[in-house]
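Comments concern the structure below.
Derivation of every value follows stated rules applied to the coordinates shown; laboratory data play no part. Values in this document were obtained by computation on a predicted structure and should not be read as measured data. Don't worry about glycine lacking a Cβ; one is built from the backbone with ideal geometry, like all the others, and counts go over all protein chains shown.
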Amino acid sequence: MLAPKPEIRIAANAEELSRAAAAEFARRTKEAAQRKGLVTVVLSGGSTPKNLYSLLASEQLLRAQLPLCQMHFFWGDERHVPPDHPESNYRMANEAMLTSLPVPPANIHRIKSEYQDAKQAADEYEQQLRHFFQLQAGEFPRFDLVLLGMGPDGHTASLFPGTAALHERERLVVANWVAKFNAYRITMTVPVLNQAACVIFLVSGEEKAEMLRAVLCGDRAELYPSQLIRPVNGALLWLVDRAAARLLSEED
Ligand code: 6PG
């Protein structure tokens, strides 16, 4: 059975993309909090979401909608660096947003990427997820909202082309060796991301246009890691700007 076509929304530019993403983030988290009393959000790393995070922290109208006391923040992936490292995804989100919002510290669930052994960091995060979601063996957590980016090579989270993590279907979190960085990354796995109630990809910039067309319109469905992300029972929204969408045709 063909997966339902993802929803694609094209914003005029990166600023409009961030604003559309912030509105969607606020709407979905507020609704989930009203419905469930608790909201679990997976943050993305990279540069694209930084402005989104800043908007959520600084724009009063957006900030007022956020159910902060009921929101729990997780990360979809992390570099194998300490939390104060310039490349840390935790540090980026913390500085852009979390330090400016009254989020209870217990609601911030970062990956402890300072461990010397990346596998230990992954194992520990997996146990954190199992405990938080009270999972039985073989169960996967269902996050209310997952934010993802996409690299020009089609990677998402730290699921890079040709890496072992792409094939993991049992673990929740793994240490993934990424040869091109000569480094480990810690990443949530495909089955975890696909259990989400909503996945939003944020893609901006001309340099993503070729890959965005290949991922959304290519005739091979699972050639690139980003194509593996199709929530089994949830929404998939691609929020892209016009520069990234340059090669998409009208009917896409
Ligand atoms: C990371 C992200 C990664 C990112 C893409 C896009 O750790 O960097 O998880 O998957 O989302 O590389 O990054 P940009 O937003 O910087 O283009």
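Over the Cα atoms of the range 1-62, the radius of gyration divided by the Kirkwood radius equals 1.02; this is the Rg/Rh ratio.
Taking 25 Å as R0, compute the FRET efficiency from the Cβ-Cβ separation of R246 and E7 and round it to 0.05. Efficiency at R0 = 25 Å is approximately 0.85. Over every Cα atom in the range 20-173, the radius of gyration and the widest Cα-Cα span, Dmax, amount to 15.4, 43 Å.
Using only alpha-carbon positions in the range 167-239, the gyration tensor eigenvalues give semi-axes of 21, 18, 12 Å once each is multiplied by 5 and square-rooted (largest first).
Within 10 Å, at most 12 other Cβ atoms, and a DSSP state outside H, G, I, E, B define an exposed site. Report the longest part of the chain free of exposed trypsin sites (Lys or Arg not before Pro). Looking at the chain, 1-168 is the longest stretch - no exposed trypsin sites (Lys or Arg not before Pro) with at most 12 other Cβ atoms within 10 Å. Pairs exceeding 24 Å between alpha-carbon atoms, taken from K30/K50; K5/K208; K50/K208; K5/K180; K36/K208: K5/K180; K36/K208. The stretch between H109 and R220 holds 36.4 nm of extra length on full extension. This uses 0.36 nm per residue minus the Cα-Cα distance.
Name the residues of the range 66-99 whose amide N is less than 14 Å from a point 7 angstrom out from the Cα of K180 along the C-beta direction? No residues fall inside that zone. Just add up the charged neighbours of H85: K/R +1, D/E -1, any other residue whose Cβ is under 9 Å from the Cβ of H85. Residues close to H85 contribute a combined charge of -1. Taking the inverse of the mean 1/r over every pair of distinct Cα atoms in the range 138-191 gives a Kirkwood hydrodynamic radius of 11.8 Å. Radius of gyration (Cα atoms) of the range 113-154, expressed as a multiple of 2.2 N^0.38 Å: 1.48. With a cut-off of 13 Å between beta carbons, the residues surrounding F25 carry a summed charge of +1, where Lys and Arg count +1 and Asp and Glu -1. Calculated from the alpha-carbon coordinates, the range 37-117 shows an Rg and a Dmax of 12.6, 42 Å respectively.
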